[in-house]
1. As an exercise, use a Förster radius of 41 Å and the Cβ-Cβ distance of Asp150 and Val59 to find the FRET efficiency, rounded to the nearest 0.05.
2. Structure shown: which of Lys198/Lys218; Lys61/Lys162; Lys61/Lys185 lie over 31 Å apart, alpha-carbon to alpha-carbon?
3. In segment 165-230, which trypsin sites (Lys or Arg not before Pro) fall in coil by DSSP and have 15 or fewer other Cβ atoms within 10 Å?
4. Just the number, please: Stokes-Einstein D of the chain in µm²/s, Kirkwood Rh from C-alpha pairs, 10 °C, 1.306 mPa s.
5. Express as a percent, rounded to the nearest 5, the fraction of DSSP beta bridges in the chain (both residues included) that run antiparallel.
6. Residue by residue through segment 162-172, what is 3J(HN,Hα) from phi via Karplus (6.51 cos²θ - 1.76 cosθ + 1.60, θ = phi - 60°)? Round to whole Hz and write x for glycine and proline.
7. Per DSSP H run of n ≥ 4, the term is -39500 (n - 2.57); total these for the chain, divide by its residue number, and report the mean residue ellipticity at 222 nm rounded to 500 deg cm²/dmol.
8. Taking amide H positions as placed 1.01 Å from N in the peptide plane, with prolines and chain starts having none, which residues 5 or more places from Asn73, or on another chain, fall under 5 Å of its amide H?
Amino acid sequence: MKAIILSAGRGKRMMPLTANQPKPMLNVAGKPLLEHHIERLKAAGICDIVINLAWQGQVIKDYFGNGIHFGVNIEYSDEPEGGLETAGGIIQALPMLCEQNDSFIVLNGDIFTDYDVSSLMQLQLGSTAEGHCEAHIVLVENPEHNPEGDFCLAHQPLNQQKYTLSGIGKYHQSFFAELGAGFIKLGPLLRSGLEQHKVSTELYLGAWDDIGTPERLKMINEELGYSDVG
């Protein structure tokens, strides 16, 4: 199984920290966010990794190279300036991620979490899955910056409690089968998939942070006993 770490965002809210580097290269606990993700994927037995790139992507290539020094194999999916949005970036990378009838893991590059991605390894998606689900997303409790949440748990009425999309999930290539290339957001696809019972969910109550602003980056580093936020 392969994984893609989404790293093409501009990180405008993180300026000036992202003036010369992409947001997933910011340090948390003394190393880039991306390095934490790669270590967790490797620990789960996932060593074939795709990283999509746009803003300052060369910084990531220069640091990680082909992944050999980190014990993994890394391929890069270069996007045009500004990126292709989340779903558009995944679709462009599908030839790197999938062979016939494949599923893959997706991680947002700008989150920090202790979620064990190995729990997704045995999850069946596509025609072999119960209910033929084509995607599985991990939700978390709503942080202060997103108090209303984004998504209900699967099989709950739409007016029930909403939770925040964690940026962690597993997808079957069939979830994107009818879509062409271009700038495509993931959120609307997931909402439609939930309504059609093609998307399953879980609620994760462990450690999770969206490193979206300098203040949140500083806070998580201080909680971990680090002062370097660059």
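No lab work stands behind these numbers, since they all come straight from the coordinates. Quick caveat, the model's predicted, so the values are computed rather than measured. Every residue, glycine among them, receives a Cβ derived from its backbone with ideal geometry; neighbour counts consider all protein chains shown.
1. 0.90
2. Details: Lys198/Lys218 38 Å; Lys61/Lys162 37 Å; Lys61/Lys185 25 Å.
Listed pairs above 31 Å: Lys198/Lys218; Lys61/Lys162.
3. Sites meeting the loop and neighbour criteria: Lys185.
4. 89
5. Close to 45 percent.
6. Result, rounded to whole Hz: 9, 10, 9, 5, 7, x, 10, x, 10, 10, 8.
7. -6500 deg cm²/dmol
8. Asp48, Ile49
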